[in-house]
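Taking it in order: structure first as structure tokens, then the write-up.
The values are calculated or read from the model by the stated rules, or taken from the named source; none is laboratory data. What you see is a predicted model; the values in this text were computed from it and never measured. Glycine gets a Cβ as well: all are built from the backbone with ideal geometry, and neighbour counts include every protein chain shown. Areas reflect the complete protein model, heavy atoms only, side chains present, ligands, DNA and RNA absent. Shrake-Rupley method; radii C 1.70, N 1.55, O 1.52, S 1.80 Å.
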Amino acid sequence: MNFPVLETERLILRQLKIEDAQAMYIYASNDDVTKYVLWDSHTSPEQTKQFLQFMIDKYEQDNYAWAVTLKDSDEFIGTIDYVMFNKEERIGEIGYAVSHLYWGKGYMSEAAQAIIHYGFAELNLERIQARCFAENIGSERVMQKIGMVYEGTMRKAKFSKGTYHDLKMYSILREEANLS
């Protein structure tokens with residue numbers, strides 16, 4: 001697969017590389033960041049390298065996982081990807097994580113807009129969805145800012161980190177997206 005590099009006003013979304021490990025470890029080891037994701041906080045830089053290598057190896061398949069970097073400095077600040085991609089049904093689900101150092105600056109909304117546009121324009125998707133733990137207000141705000149519609153809360157829909165979590169479901173349809 002020839003991996004797509006996406007550019008926004010402030011960001012470059014590119015393929016992950018092993019050199020991103022140190023920057024990723026900074027946020028992947030932060031309990032405030034990992035509180036609302038399905039994976040546990042990383043406990044060592046080596047664990048982050050192994051995770052990155054796993055993601056890099058998946059590029060041989062249809063893996064759409066981007067490193068989110070600042071355009072002016074190439075600083076790695078997070079990841080965004082299609083955590084689920086169903087070619088036949090033309091449905092994708094996005095997920096993202098960003099360093100706590102960059103929360104509240106609109107970077108994930110900007111990155112999400114770019115991969116949504118890519119999903120509709122290049123992957124020919126009909127529906128793109130996202131889910132978050134019900135208490136993850138920051139992630140929910142991203143979904144709202146990018147034009148996704150709240151569909152409901154799935155009660156106790158995910159068992160993670162020893163407990164069941166309610167998940168809020170949002171989506172955007174091809175006809176609702178601004179593809180210009």
What residue, among those in the stretch 130-180 that are among the acidic types (Asp, Glu) and free of Cβ contacts under 8 Å to residues at least 40 places away in the same chain, is surrounded by the most Cβ atoms within 10 Å (Cβ to Cβ)?
GLU140
Based on what the data block shows, is TYR118 modelled with pLDDT of 95 or more, open to solvent by less than 60 Å² (accessible area, probe 1.4 Å) and part of a helix (DSSP H, G or I)?
yes
Considering each residue of the stretch 1-40, count those that are in a loop (DSSP other than H, G, I, E, B) and of a type outside the set (A, V, I, L, M, F, W, C), and give that number.
11
All but one of (1) touching a Gly at 6+ places or on another chain (Cβ under 9 Å); (2) surrounded by fewer than 16 Cβ atoms within 10 Å (Cβ to Cβ) hold for LYS17; state the number of the condition that does not hold.
(1)
So which residues in the stretch 41-76 are open to solvent by 50 Å² or more (accessible area, probe 1.4 Å) and touching a Lys or Arg at 6+ places or on another chain (Cβ under 7 Å)?
LYS71
Quick one: THR43 ticks every box in (1) more than 30 Å from PHE120 (Cβ to Cβ); (2) among the hydroxyl-bearing types (Ser, Thr, Tyr); (3) in a helix (DSSP H, G or I) except a single one, so which number is it?
(3)
Somewhere in the stretch 82-94, is a residue of a type in the set (Ser, Thr, Tyr), within 20 Å of ILE128 (Cα to Cα), surrounded by 18 or more Cβ atoms within 10 Å (Cβ to Cβ) and at pLDDT 95 or above?
yes
Residue pairs, Cβ under 7 Å, 6 or more apart or interchain, first in the stretch 49-75 and more than 19 Å from SER99 (Cα to Cα), second polar (S, T, N, Q) and open to solvent by 40 Å² or more (accessible area, probe 1.4 Å). List them.
TYR59/GLN15
